[in-house]
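Student: Let me give you the structure first, and then I'll get to my questions.
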Amino acid sequence: MTVNPQITALIPTYKRPEYLRRAIKSVLRQTYTDLQVCVFDDASGDNTEQVVSEIIENDSRVKYYCKKSNIGSVANYRYAFQTVETPYFSVLSDDDFLAEDFYENAIRILEENPDIMFVITNTICIDENRDLTDHRLSDNSVKYFREGDRFDAMHTGVVPHDWTAMVYRRAVMDVYMDMEDRYDIAYDMRYLLRAAARYEFAYLSKVGAFFTTHRKSISAARKNLDHVHLGVMISRYIEIINDEHADPYAVKRSLYYIKNIMHSKYYQSVAVNLLKMIIKNSCEKTEYVDSVIKRDISSFESEGYLKTSLLFKRIYESDVIRGVFRVLFSSYSHRLSNKYKTDLLSLQRGRYSDIFKYIEEMSAGCSEIVDIDDSQKLKLKTSSIE
């Protein structure tokens with residue numbers, strides 16, 4: 001183990017051993033080596049312990065904490081934040097992983113700029129087959145957000161907001177500990193908004209991490225129509241308004257964003273998107289989009305839009321209507337889809353070819369899990385959390 005680690009990678013995990021191995025491996029492969037990895041297992045009860053055990057045998061920079069019973073994702077993340085003792089830390093989802101020079105690049109910026117409290121980098125999105133699904137082009141530039149507009153930058157897409165691709169100073173941990181997150185499924189956004197309201201940050205336009213989209217992810221299960229979640233979004237801004245450490249501009253803009261939420265045409269936008277998905281799936285059906293359509297139809301019903309739910313259900317289940325959609329839109333949909341896939345494949349094999357070689361290397365064997373006997377399990381240095 002590193003005698004004096006400068007950065008900690010926090011990896012909360014639950015029942016994803018096939019991805020966890022890759023996540024840990026990506027941290028240990030960092031060009032910046034003064035680090036430690038802390039894995040927080042929320043009582044997975046599967047091969048997770050074995051995966052970590054095998055890694056610890058070869059690299060003592062890894063620590064393993066396992067709950068005796070499941071406490072839920074938010075509580076597990078909160079515990080992880082509480083353990084940070086190093087000058088810097090990052091948060092890594094168990095199904096994502098890091099670029100090799102991520103820590104080196106981010107920490108260099110932090111060391112050269114004492115007022116900058118965290119660094120944001122770019123994320124490349126891949127699917128379960130490790131193919132490119134989304135990205136943001138990088139130009140290796142660095143932009144510093146020291147004024148009030150940093151809060152707007154987090155909202156408008158000027159900077160990415162995937163916390164997997166960020167490095168923070170230890171003090172930013174307090175933001176997570178101060179916030180009320182019992183009812184917030186998107187606790188990462190609550191944390192990032194409040195951090196941007198308090199602290200200056202930098203954006204490095206370079207790939208720092210890889211985000212994996214798959215059917216079992218939290219984002220895949222989240223409803224598009226959810227009035228309760230709108231209330232949660234408003235509560236995030238209320239916390240900032242009442243945060244004595246928040247920048248005055250961020251407080252003012254929080255009021256603005258609350259007004260936007262309350263006056264938004266939320267129902268109409270979700271309905272239009274659902275119709276587009278039904279049309280698209282009629283032309284080119286996929287299991288993922290099919291599951292989202294069914295989820296959203298159910299959401300309309302649970303939110304009290306019974307007539308809308310029934311209408312979309314009949315449209316979706318009607319072979320005649322879907323046949324009409326295919327006749328009207330199939331040619332256009334296929335051209336659009338093929339162009340999108342071709343563009344992504346061109347990037348994957350061209351500009352990102354070296355990156356995808358790294359992705360394949362990191363992913364090799366990540367699902368190869370072999371059972372170990374009880375004598376081997378005893379060798380694992382485990383901290384049990386009461």
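Student: Here are Ser269, Ser302, Ser309, Ser282: which of them is open to solvent by less than 60 Å² (accessible area, probe 1.4 Å), small (Gly, Ala, Ser) and within 29 Å of Ile238 (Cα to Cα)? Spell out how you get there, then give the answer.
Tutor: Values: Ser302 fails: open to solvent by less than 60 Å² (accessible area, probe 1.4 Å); Ser309 fails: within 29 Å of Ile238 (Cα to Cα); Ser282 fails: within 29 Å of Ile238 (Cα to Cα).
Residue meeting the stated conditions: Ser269.
Student: If you don't mind, another one. Quick check on segment 167-207: of everything there that is among the hydroxyl-bearing types (Ser, Thr, Tyr) and crowded, with 20+ Cβ neighbours inside 10 Å, which residue is nearest to Ala153 (Cα to Cα)?
Tutor: As a first pass, look at segment 167-207 and keep what is among the hydroxyl-bearing types (Ser, Thr, Tyr): 168, 176, 183, 187, 191, 199, 203, 205.
Then drop every residue that is not crowded, with 20+ Cβ neighbours inside 10 Å, which leaves 168, 176, 187, 191, 199, 203.
On the way: Tyr168: 18, Tyr176: 20, Tyr187: 19, Tyr191: 15, Tyr199: 13, Tyr203: 10 Å.
The extreme case among them is Tyr203.
Student: Considering only residues that are open to solvent by 60 Å² or more (accessible area, probe 1.4 Å) and over 12 Å from Gln36 (Cβ atoms), which ones fall in segment 72-94? Let's see the steps before the verdict.
Tutor: The first filter runs over segment 72-94 and keeps only residues open to solvent by 60 Å² or more (accessible area, probe 1.4 Å), leaving 79, 82, 85.
Hits for segment 72-94 are Tyr79, Gln82.
Student: How many residues are modelled with pLDDT under 95, more than 20 Å from Leu225 (Cβ to Cβ) and either open to solvent by less than 40 Å² (accessible area, probe 1.4 Å) or outside any helix (DSSP H, G or I) (or both) if we restrict to segment 246-266?
Tutor: Within segment 246-266, residues that are modelled with pLDDT under 95, more than 20 Å from Leu225 (Cβ to Cβ) and either open to solvent by less than 40 Å² (accessible area, probe 1.4 Å) or outside any helix (DSSP H, G or I) (or both) number 0.
Student: Out of curiosity, is Asp42 under 20 Å from Thr83 (Cβ atoms) and of a type in the set (D, E, K, R)? Let's see the steps before the verdict.
Tutor: Details: under 20 Å from Thr83 (Cβ atoms): yes; of a type in the set (D, E, K, R): yes.
Considered against the rule, which asks whether it is under 20 Å from Thr83 (Cβ atoms) and of a type in the set (D, E, K, R), Asp42 comes out as yes.
Student: Report every pair of residues separated by at least 6 positions or lying on different chains whose Cβ atoms are under 7 Å apart, first residue within segment 147-174 and more than 20 Å from Ala246 (Cα to Cα), second in a loop (DSSP other than H, G, I, E, B).
Tutor: Pro160/Arg136; Thr164/Leu92; Thr164/Ser93; Thr164/Asp96
Student: Here's a follow-up. Give me the pairs: first residue in segment 51-71 and open to solvent by 50 Å² or more (accessible area, probe 1.4 Å), second residue part of a helix (DSSP H, G or I), beta-carbon distance under 8 Å, and six or more apart or on different chains, which are they?
Tutor: Here the result reads Ile71/Tyr79, each pair linking segment 51-71 to a residue that is part of a helix (DSSP H, G or I).
Student: Among the residues of segment 293-321, write down those that are in contact (Cβ under 8 Å) with a residue 60 or more places away in the chain and assigned to a helix (DSSP H, G or I).
Tutor: Those that are in contact (Cβ under 8 Å) with a residue 60 or more places away in the chain and assigned to a helix (DSSP H, G or I): Arg295, Asp296, Ser299, Phe300.
Student: Quick one: Asn113 ticks every box in (1) touching a residue at least 12 places away in the same chain (Cβ under 8 Å); (2) under 23 Å from Met189 (Cβ atoms) bar one, so which box is it?
Tutor: With respect to (1) touching a residue at least 12 places away in the same chain (Cβ under 8 Å); (2) under 23 Å from Met189 (Cβ atoms), Asn113 is out only on (2).
Student: Let me ask something else. Could you go through segment 213-229 and let me know if any residue there is more than 30 Å from Glu112 (Cβ to Cβ), open to solvent by less than 10 Å² (accessible area, probe 1.4 Å) and either at pLDDT 95 or above or more than 17 Å from the chain's Cα centre (by Cα) (or both).
Tutor: yes
Student: Then there's this: Hey, can you tell me all the residues within segment 63-79 that are under 20 Å from Met166 (Cα atoms), touching a helix residue (DSSP H, G or I) at 6+ places or on another chain (Cβ under 9 Å) and at pLDDT 90 or above? Lay out the reasoning, then the answer.
Tutor: Taking segment 63-79 and keeping what is under 20 Å from Met166 (Cα atoms), we get 73-74, 76-79.
Still in the running and touching a helix residue (DSSP H, G or I) at 6+ places or on another chain (Cβ under 9 Å): 73-74, 77-78.
If the condition is that a residue be under 20 Å from Met166 (Cα atoms), touching a helix residue (DSSP H, G or I) at 6+ places or on another chain (Cβ under 9 Å) and at pLDDT 90 or above, then Tyr77, Arg78 are the ones that fit.
Student: Next question, about the same structure. Kindly indicate the residue of segment 331-376 that is assigned to a helix (DSSP H, G or I), under 30 Å from Glu57 (Cβ atoms) and open to solvent by 90 Å² or more (accessible area, probe 1.4 Å) and also modelled with the highest pLDDT among those meeting that condition.
Tutor: Going through segment 331-376, the residues assigned to a helix (DSSP H, G or I) turn out to be 331-349, 353-363, 374-376.
Pick out the ones that are also under 30 Å from Glu57 (Cβ atoms) and you get 355-363, 374-376.
Narrowing further to those that are open to solvent by 90 Å² or more (accessible area, probe 1.4 Å): 357, 361, 374.
Values: Lys357: 95, Glu361: 92, Asp374: 36.
Going through the qualifying residues, I end up with Lys357.
Student: Go through Val270, Val289, Val324 for me and flag whichever is part of a helix (DSSP H, G or I), under 30 Å from Phe151 (Cβ atoms) and not acidic (Asp, Glu).
Tutor: Values: Val289 fails: under 30 Å from Phe151 (Cβ atoms); Val324 fails: under 30 Å from Phe151 (Cβ atoms).
Step by step, each of Val270, Val289, Val324 is checked, and only Val270 is part of a helix (DSSP H, G or I), under 30 Å from Phe151 (Cβ atoms) and not acidic (Asp, Glu).
Student: So, in segment 17-35, how many residues would count as being outside any helix (DSSP H, G or I) and open to solvent by 10 Å² or more (accessible area, probe 1.4 Å)? Break it down stepwise before answering.
Tutor: The first filter runs over segment 17-35 and keeps only residues outside any helix (DSSP H, G or I), leaving 29-35.
Going one step further and asking which of them are open to solvent by 10 Å² or more (accessible area, probe 1.4 Å), we end up with 29, 31-34.
The qualifying residues number 5.
Student: Checking Glu287 against (1) open to solvent by 90 Å² or more (accessible area, probe 1.4 Å); (2) at positive phi, only one condition comes out false. Which one?
Tutor: Answer for Glu287: the failing condition is (2).
Student: Sticking with this structure for a sec: Which condition from (1) among the acidic types (Asp, Glu); (2) open to solvent by 30 Å² or more (accessible area, probe 1.4 Å); (3) within 20 Å of the chain's Cα centre (by Cα) is the one that Asp41 breaks?
Tutor: The failed condition is (2).
Student: When segment 126-149 is examined, which residues are found to be modelled with pLDDT under 95 and open to solvent by less than 30 Å² (accessible area, probe 1.4 Å)?
Tutor: Ile126, Leu132, Gly148
The values are calculated or read from the model by the stated rules, or taken from the named source; none is laboratory data. No experiment lies behind these values; they were computed from the predicted model shown. Glycine also receives a Cβ, built like all others from the backbone with ideal geometry; neighbour counts cover every protein chain displayed. We work out accessible area using only protein heavy atoms, side chains counted, and drop any ligands, DNA or RNA first. Shrake-Rupley method; radii C 1.70, N 1.55, O 1.52, S 1.80 Å.
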